Structures are given as C-alpha cells and as structure tokens.
Amino acid sequence: MKPSILALFLAAATITASSVCTAQQNAQENETTALARISQANLYELEAGKLAVQMADGEDIKDLAWKEVRDHELINRELTALAAAKNIPLASKLTPELQQRLDRIKSASGRDFDNAYLNAMISSHKSEEQFLANEATSGNASDLKSFATRTDAIFKRHIAALHSDDAKE
C-alpha cells in the first residue's frame, strides 16, 4: 500500500511540475510573440514616418510624420531595452508583408502619397492600439504590461492626430 501512495504522490508532483514548466514556456512564448509584433509595427510606422518626412506634399503631413518618427524612435529604444533585459532578439528588418506595404506608400507621389501614408498609418495604428490595450490589461509580464500601457497612450494620441482636420487638408 505504501509504495502505491508514494507512486501516486510522485506522479502528481511530476504532473504539477510539468504543468508549471509548460505554463512558464507558454508565457515566455507569448511574451516573445508580443514583443516581435510590437517591434515590427513600430519599425513599419517609424520607416513610413521617415519616408513621409521626405516625400509628403503637405507641410501638415510632414509635421505629423516628424512627430511619428520622434515617438516611434522613443518606443523603439524602450522596446529594445525591454527585449534585451529578457534576452529576446528583435528583427532589424521588416517582414516581407510590411515591406510591401511600405513600398506601396513609397510608390505614390504628391497628394496621393499623403493620402496613402495617412490611410496606412490609420489602419496600422488602430490595429496595434487594440493589441497594446489588450496587452496592457491582460498580459502576463508586469514590465510588458507597463510598456504596453505607456505605448498604447502614444498610439491613441497618434490616432487622434491622424484623424485631425489638419492631417486631412
């Protein structure tokens, strides 16, 4: 009887330890995936902003792009430090899909460029703001939640600026 109880206890301990390890691995994978997604979106919006500073037809769009570049460089510094602290490598190049989106913006000129840039940034910011808001409220890691909260506020400010009358004129 005693060997059976011991065997059951060891089996239960093994299952519990295995579940804890799996939960920790899932949390690490989720964190890695979240940081990679945020990094790609940030890099895309940063590169699009730099492009708009050079190519925008309207001064209002150039001014908006300068603010985007400044803010996304700040986000990038914070994100890079967070990822480095967690030993999570971040890609330095855009995914092929995001590079294609950037190339589509780049292929436009004049007022068409301005509209392509605004539409692309509105779409990207809305999608990423929702993701950041979700990470800020339901993410697992406190430092990622804190970063997502601060970054979400910046994205909300960008969305308001992208929808402003100045940006549409």
- Positions within region 52-91 being in a loop (DSSP other than H, G, I, E, B) and touching a residue at least 12 places away in the same chain (Cβ under 8 Å), in sequence order: ALA56, ASP57, GLY58, LYS86, ILE88, LEU90, ALA91
- Go through (1) surrounded by 18 or more Cβ atoms within 10 Å (Cβ to Cβ); (2) among the acidic types (Asp, Glu); (3) more than 20 Å from the chain's Cα centre (by Cα) and name the single condition ASP112 misses. (1)
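Looking only at region 115-128, count every residue that is of a type outside the set (A, V, I, L, M, F, W, C) and open to solvent by less than 30 Å² (accessible area, probe 1.4 Å) and tell me the total. Spell out how you get there, then give the answer.
So the first thing to find is which residues in region 115-128 are of a type outside the set (A, V, I, L, M, F, W, C), and the list is 115, 117, 119, 123-128.
Now drop any that are not open to solvent by less than 30 Å² (accessible area, probe 1.4 Å), which leaves 117, 124-125, 128.
Within region 115-128, residues that are of a type outside the set (A, V, I, L, M, F, W, C) and open to solvent by less than 30 Å² (accessible area, probe 1.4 Å) number 4.
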- Which numbered condition trips up PRO96, out of (1) crowded, with 18+ Cβ neighbours inside 10 Å; (2) more than 17 Å from GLY49 (Cβ to Cβ); (3) not hydrophobic (A, V, I, L, M, F, W, C)? (1)
- Whichever residue in region 28-37 is open to solvent by 10 Å² or more (accessible area, probe 1.4 Å) and not basic (Lys, Arg) and, among such residues, is modelled with the lowest pLDDT: GLN28
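The values are calculated or read from the model by the stated rules, or taken from the named source; none is laboratory data. Computed from a prediction, not measured in an experiment: that's the story for all the values here. We place every Cβ from the backbone using ideal geometry, glycine too, and count neighbours over all the protein chains shown. SASA here: full protein model, heavy atoms, side chains in, ligands and nucleic acids out. Shrake-Rupley method; radii C 1.70, N 1.55, O 1.52, S 1.80 Å.
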